[in-house]
Amino acid sequence: MSDTGDAAAGAGGPGDGTERDAPAGGKLWKWLLGLTVPLYVLDQVTKFWVIGTFPPPWIERKSIEVIPGLLNWVRVHNQGVAFGMGNGTEWAPLVFPFVSLTAFFLITLGWRRGFFVGRMGALAVALLVTGICGNLTDRLIQGSLLEEMQGAPLWERLKAGYVVDFIDVIVPFTGGWHWPSFNVADSCICIAAVLLFVAGWRAEEAKH
């Protein structure tokens, strides 16, 4: 995630197809203020709403039906990564914050070296920053907010850190199978991954 002239800047004009395939140089702060900040706020507001609405999952597993047979709101504590990988391990809450910081460094480096292509690349960066910041915030503060952790040493509170997942989707035509729960930050990261793939594919197509 970082900074430099306008995300639309490229080798050619808007009509010749080069703008979308040029490196996404420019002032990243415009994307961060216009997209990252609002989505980050939405991510945190929805998570704190969930925490205030639902009891901890080890006390009671509660859900709110939004669209019958398709969508529920739930409260899930995820100390791992996507699809719960690493969840429940002691090392996950301590390792993954450093993974997030490493991701920030790599995205900043990629931005400065022109890895991200065109407006689509800039949009992907803004979404990646949203997702990483949203889930990193959870890992750093949510453990400290647990009633059981009040007064505990900082190290123990960090070990209790977790990501709040709350979107529960029932996949149609699967006999009621639930997709692993996720949140706004996760959605931003997934959309960014798709955008990066499409932007890279377009850049390769433009070479031929």
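Scalar couplings 3J(HN,Hα) for segment 159-164, obtained by applying the Karplus form with A = 6.51, B = -1.76, C = 1.60 to θ = phi - 60°, are 5, 8, x, 7, 9, 7 Hz; x denotes Gly and Pro. On full extension, the segment bounded by Trp155 and Leu33 gains 40.6 nm, given 0.36 nm per residue less the C-alpha separation.
Would you mind calculating the relative contact order of segment 28-206 from Cα pairs under 8 angstrom and at least 6 residues apart, reporting the percent as a whole number? Could the numbers behind the result be given before it?
On the way: 243 pairs, mean separation 50.4, N = 179.
Result for segment 28-206 is 28 percent.
Largest first, the extents of the alpha carbon coordinates of segment 121-176 on the three principal axes equal 46, 38, 12 Å.
Can you sort Glu147, Glu60 so the residue with the fewest Cβ neighbours within 10 Å comes first? Please list the in-between numbers first.
Working: Glu147 6, Glu60 9.
Starting with the residue having the fewest Cβ neighbours, the order is Glu147, Glu60.
Projecting the Cα atoms of Phe48, Val129, Gly69 onto the charge dipole of segment 28-206 (Cβ charges, centred on the Cα centre) puts Val129 farthest toward the positive pole.
In segment 142-208, taking the dipole from charged Cβ atoms about the Cα centre, the farthest positive-side position among Ala199, Asn183, Tyr162 is held by Ala199. Ordered by the number of other Cβ atoms lying within 10 Å of each residue's own Cβ, fewest first, Arg61, Arg139 fall into the sequence Arg61, Arg139.
With +1 on each Lys and Arg Cβ and -1 on each Asp and Glu Cβ, and nothing else charged, work out how big the dipole of segment 28-206 is about its Cα centre, in Debye to the nearest 20.
It comes to approximately 520 debye.
Taking 22 Å as the straight-line reach from the Cα of Lys62, the lysines in range (excluding those fewer than 8 positions away in the same chain) are Lys47.
Values quoted throughout were computed directly from the atomic coordinates according to the rules given, and no laboratory measurement underlies them. Treat the numbers as computed from the prediction; the structure is a model and nothing was measured. Glycine also receives a Cβ, built like all others from the backbone with ideal geometry; neighbour counts cover every protein chain displayed.
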